[in-house]
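The values are calculated or read from the model by the stated rules, or taken from the named source; none is laboratory data. None of the values given here were measured: they were computed from a predicted structure. With ideal geometry, Cβ positions are generated from the backbone for all residues, glycine too; neighbour counts draw on all protein chains shown. All accessible areas refer to the heavy atoms of the entire protein, side chains included, with ligands and DNA or RNA removed. Shrake-Rupley method; radii C 1.70, N 1.55, O 1.52, S 1.80 Å.
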Amino acid sequence: MPTLTLPSPRSPEALPDGFAATGTGETGEELDRFAHTCTRLLLGTDGLTTPLLEAWVGSAVSVRRMSHRPVSACEAPAGTAELLKAGPDEVLLERRSVLAASDGTDLSRNVVLARPSLSAAAEQCLTDPTAPIGRMLQAVGTGWRRTIVEVGLHTWGGVPAAYKAYLLWHDEQPLATITELFNPDVVPAALRAPLAPAGRS
């Protein structure tokens with residue numbers, strides 16, 4: 001079972017600080033640990049997350065809270081600068097947001113670390129609180145390709161919760177890392193029971 005890491009007390013939208021993987025996309029074994037088929041589908045897709053959440057809850061999904069700030073690449077979570085191929089002095093843009101259903105239920109907590117220097121249009125999207133980031137980026141012509149970096153368990157209010165992290169591309173250049181943590185009251189985070197040793201029931 002994956003090790004659970006407590007979120008940082010500095011932010012209610014805290015997410016895993018860095019990546020155990022380095023962009024290989026070899027997440028099949030971790031993905032297969034989740035018991036629920038729909039959870040595996042959500043974590044394993046390399047397309048937009050928002051339409052899947054909307055289908056899941058049967059309502060529109062919107063940005064409930066959002067903040068953004070500049071951070072230097074050397075201060076970014078472990079592994080981020082390497083994935084983004086950012087120099088240590090490069091300034092990244094951090095966007096934190098919460099997506100919610102139409103009834104106000106929080107669905108996901110999200111952290112984006114991006115290289116705004118690659119695209120002025122993308123930078124405008126990253127600082128816009130009016131819509132989920134994926135749809136906005138695709139509307140301005142970027143962010144179509146995604147590489148899943150990691151899936152696993154973190155915590156949501158002290159309860160195990162599923163998360164995924166992926167790399168978003170601008171043409172052939174890495175544009176952003178995105179980490180999404182899903183409310184376990186909506187997206188089940190239960191893991192499959194381990195197989196019994198041979199010869200035992």
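Residue 118: closer than 28 Å to residue 31 by Cβ and at pLDDT below 95, yes or no? When the stated conditions are applied, residue 118 does not pass them.
Counting the residues of segment 105-144 that are of a type outside the set (A, V, I, L, M), within 18 Å of residue 84 (Cα to Cα) and in contact (Cβ under 8 Å) with a residue 60 or more places away in the chain gives 3.
Kindly establish whether residue 64 is out of contact with any strand residue (DSSP E or B) (no Cβ under 8 Å at 6 or more places or on another chain), modelled with pLDDT under 95, among the basic types (Lys, Arg) and over 23 Å from residue 145 (Cα atoms). Give the steps one after another, and end with the answer.
Working: out of contact with any strand residue (DSSP E or B) (no Cβ under 8 Å at 6 or more places or on another chain): no; modelled with pLDDT under 95: yes; among the basic types (Lys, Arg): yes; over 23 Å from residue 145 (Cα atoms): yes.
Judged against the criteria, residue 64 is not a match.
Just one of the listed residues (6, 52, 15) is open to solvent by 30 Å² or more (accessible area, probe 1.4 Å), touching a Ser or Thr at 6+ places or on another chain (Cβ under 7 Å) and modelled with pLDDT under 85, and it is 6. Of everything in segment 92-126, what is closer than 18 Å to residue 50 by Cα and part of a loop (DSSP other than H, G, I, E, B)? Give them in sequence order. 102, 103, 104, 105, listed by residue number.
Each residue in segment 53-79 was checked for being farther than 19 Å from residue 111 by Cβ, assigned to a helix (DSSP H, G or I) and of a type in the set (A, V, I, L, M), and 2 pass. All told, residue 83 meets the bar of being touching a Gly at 6+ places or on another chain (Cβ under 7 Å), modelled with pLDDT of 90 or more and among the hydrophobic types (A, V, I, L, M, F, W, C).
For residue 147, the criteria (1) in contact with an Asp or Glu (Cβ under 8 Å, 6 or more places away or on another chain); (2) within 25 Å of residue 188 (Cα to Cα); (3) open to solvent by less than 20 Å² (accessible area, probe 1.4 Å) hold in every case but one, which is (3).
Could you list all residues from segment 170-186 that are farther than 19 Å from residue 77 by Cα and modelled with pLDDT of 90 or more? Full working, then the answer.
As a first pass, look at segment 170-186 and keep what is farther than 19 Å from residue 77 by Cα: 170-173, 182-186.
Residues satisfying the conditions are 182, 183, 184, 185, 186.
Scanning segment 151-169 for residues that are open to solvent by 20 Å² or more (accessible area, probe 1.4 Å) and either in contact with a Lys or Arg (Cβ under 8 Å, 6 or more places away or on another chain) or of a type in the set (S, T, N, Q) (or both) yields 156, 169.
For residue 139, the test of being at negative phi and crowded, with 21+ Cβ neighbours inside 10 Å is failed.
Mind checking which residues of segment 55-80 are in contact with a Gly (Cβ under 8 Å, 6 or more places away or on another chain) and open to solvent by less than 70 Å² (accessible area, probe 1.4 Å)? Correct list: 73, 77, 78, 79, 80.
Conditions tested, residue by residue: (1) in a strand (DSSP E or B); (2) in contact with a His (Cβ under 8 Å, 6 or more places away or on another chain); (3) on the phi > 0 side of the Ramachandran plot; (4) among the small types (Gly, Ala, Ser).
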position	(1), (2), (3), (4)
147	yes, no, no, no
150	yes, no, no, no
154	yes, no, no, no
163	yes, yes, no, no
168	yes, no, no, no
175	yes, no, no, no
179	yes, no, no, no
184	no, no, no, no
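Go through the residues of segment 85-99 one by one and say whether even a single one is of a type in the set (S, T, N, Q) and open to solvent by 30 Å² or more (accessible area, probe 1.4 Å). Working first, answer last.
Quick first cut of segment 85-99, residues of a type in the set (S, T, N, Q) only: 97.
Checking the rest, the ones that are also open to solvent by 30 Å² or more (accessible area, probe 1.4 Å) come to none.
No: segment 85-99 contains no residue that is of a type in the set (S, T, N, Q) and open to solvent by 30 Å² or more (accessible area, probe 1.4 Å).
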